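> The structure follows.
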Amino acid sequence: MARRDLTGAVDFSVLERLAAGDATVVEEVLDLFREQAALWAPLLDTSSPGWRDAAHTVKGASGGIGAHALADACGQAEACSDELAQPALDRVKDALDAALADVAAYLHERALQSLRAS
């Protein structure tokens, strides 16, 4: 996995700007996002009574790392009717998977770069 594997699901320049280019902060935020995603994902289902709260939380976190499509999907799910919720949450899960794949590729590339610099 490397930078060439990035799909564009995350615009990492958003987080890089917010972190003022501090690589340690960027990596910490992305690691936290991955950890939190493991907690949120099971809640993104209409069988969970807190699914709207989970979608809202993911929306905020995804916007902070530059995962705009994920944030948009979360906003749509959060606002939709109960009847349309599950398909909307399925789109959220797909967008979350894409964002997590980009995060993994980005972090892998950064690890390779640090090894090359050593």
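> Using the beta-carbon distance between Ser47 and Ala101 and R0 = 25 Å, what value does 1/(1 + (r/R0)^6) give for FRET efficiency, to the nearest 0.05?
0.50
> Let me ask another. Could you work out the percent of alpha carbon pairs in the chain separated by over 24 Å, rounded to a whole number?
That tail contains 27 percent of the Cα-Cα pairs.
> Testing the spin-label approximation: label points 7 Å from Cα along Cα→Cβ at Gln113 and Thr7. State their distance in nm.
2.2 nm
> Which value in deg cm²/dmol, rounded to the nearest 500, describes the helix-derived mean residue ellipticity at 222 nm for the chain, given -39,500 (n - 2.57) per DSSP H run of n ≥ 4 and division by the residue count?
Calculated at 222 nm, the ellipticity per residue is -24000 deg cm²/dmol.
> Which whole-Hz ³J(HN,Hα) couplings does region 50-56 yield from phi under the Karplus relation 6.51 cos²θ - 1.76 cosθ + 1.60, θ = phi - 60°, glycine and proline marked x?
With coefficients 6.51, -1.76 and 1.60, one gets x, 5, 5, 4, 5, 4, 5 Hz.
> Can you tell me which of Gly21, Gly64, Gly75 moves the most in a GNM of the chain? Springs connect C-alpha atoms under 10 Å apart.
Gly21
> For the chain, with a Gaussian network of springs between Cα atoms less than 10 Å apart, report the residue from Glu16, Glu78, Glu35 with the top mean-square fluctuation.
Maximum among the listed residues: Glu35.
> Taking 8 Å as the Cα distance limit and 6 or more residues as the minimum spacing, I'd like the relative contact order of the chain as a percentage.
So the answer I get is 38 percent.
Values quoted throughout were computed directly from the atomic coordinates according to the rules given, and no laboratory measurement underlies them. Worth saying up front: this structure is predicted, and the values here are computed from it rather than measured. All Cβ positions, even for glycine, are placed from backbone atoms using ideal geometry, and neighbour counts span all protein chains on display.
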